[in-house]
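The values are calculated or read from the model by the stated rules, or taken from the named source; none is laboratory data. Quantities reported herein were computed from a predicted structural model and do not represent experimental measurements. Cβ placement follows ideal geometry from the backbone for every residue including glycine, while neighbour counts extend to all protein chains displayed. These area figures cover heavy atoms from the full protein model, side chains too; ligands, DNA and RNA do not enter into them. Shrake-Rupley method; radii C 1.70, N 1.55, O 1.52, S 1.80 Å.
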Amino acid sequence: MSDIGKSLIVVSGPSGCGKDTVVKHILETDDRFVLSVSATTRAKRPYEKDGVDYIFLTKQQFIDGISNGDFLEHTLYCDNYYGTLKKQIEDKVADGKIVVLVIEVEGARNVKKVYPDSLTVFIAPPSLEELERRLRSRNTEDETTIKQRLFKANEELGFKSSYDYIVENNYVEQCAQSIIRIYDSNNK
């Protein structure tokens with residue numbers, strides 16, 4: 001179990017903080033790292049690909065997976081399920097990879113319970129105003145969803161001190177390099 005934990009980096013942060021962009025940069029610059037593709041019941045955005053950005057499941061498929069014990073962690077977030085499939089993690093670690101999980105706060109806590117030696121990193125936005133600007137500039141959600149995400153962001157920011165590290169995302173490349181350095185310094 002501990003071998004898996006040392007090969008996991010859990011990345012969280014509010015919607016719009018740039019965590020997906022930062023993780024993409026990590027994956028593009030260091031081939032030791034691979035992404036754990038989360039499963040979700042939320043609607044697919046036009047630019048997303050099933051199995052690449054997320055594994056898109058129906059609510060019933062997700063609930064069946066929960067019942068079957070297929071998930072390392074799962075949660076209900078803004079009316080949609082999100083979760084990490086156990087087999088995906090196990091297969092990637094068996095291939096010698098460092099697996100990056102981009103998950104929300106509750107999921108991060110659950111992974112840390114199962115794998116206490118996993119590394120948790122909270123990506124913080126420079127400010128709440130910048131976070132709101134980023135959410136609005138995506139043009140992917142309606143006003144109600146944006147307000148929901150901003151409310152949730154305030155809540156999530158309150159948990160950042162429970163992470164092993166907090167990295168502010170002012171510049172994607174710097175944030176990504178900081179996370180790689182953090183991982184390396186913890187796994188010498």
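Tabulated data
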read-out	value
Shape call, the range 90-156: gyration tensor on alpha carbons, a/c limit 1.5	prolate
Cβ-placed point charges (K, R +1; D, E -1), dipole of the chain about Cα centre in debye, nearest 20	60 debye
Given charges at beta-carbon only (K, R positive; D, E negative), |dipole| of the range 101-188 in Debye	160 debye
Accessible area in square angstrom per residue, the range 10-95, 1.4 angstrom probe	50 Å²
Cα gyration tensor shape of the range 34-188, rounded if a/c is under 1.5, else prolate or oblate by comparing a/b with b/c	oblate
Taking the chain and dividing mean pair separation by its residue count, relative contact order in percent (alpha carbons under 8 Å, at least six apart)	34 percent
For the chain, share of DSSP beta bridges that run antiparallel, in % to the nearest 5	30 percent
Spatially near lysine pairs across the range 75-188, Cα under 22 Å, sequence gap of 8 or more or different chains	18
The range 19-83 pair-distance distribution - Cα-Cα, 5 Å bins, rounded %	3, 16, 24, 23, 16, 11, 6, 0
Apportionment of accessible area to carbon and sulfur, the chain, percent (1.4 Å)	50 percent
Heavy-atom accessible area order for Arg134, Arg32, Arg42, largest first, 1.4 Å probe	Arg32, Arg134, Arg42
By average C-beta atoms within 10 angstrom, highest first, the peptides 11-24, 110-123	11-24, 110-123
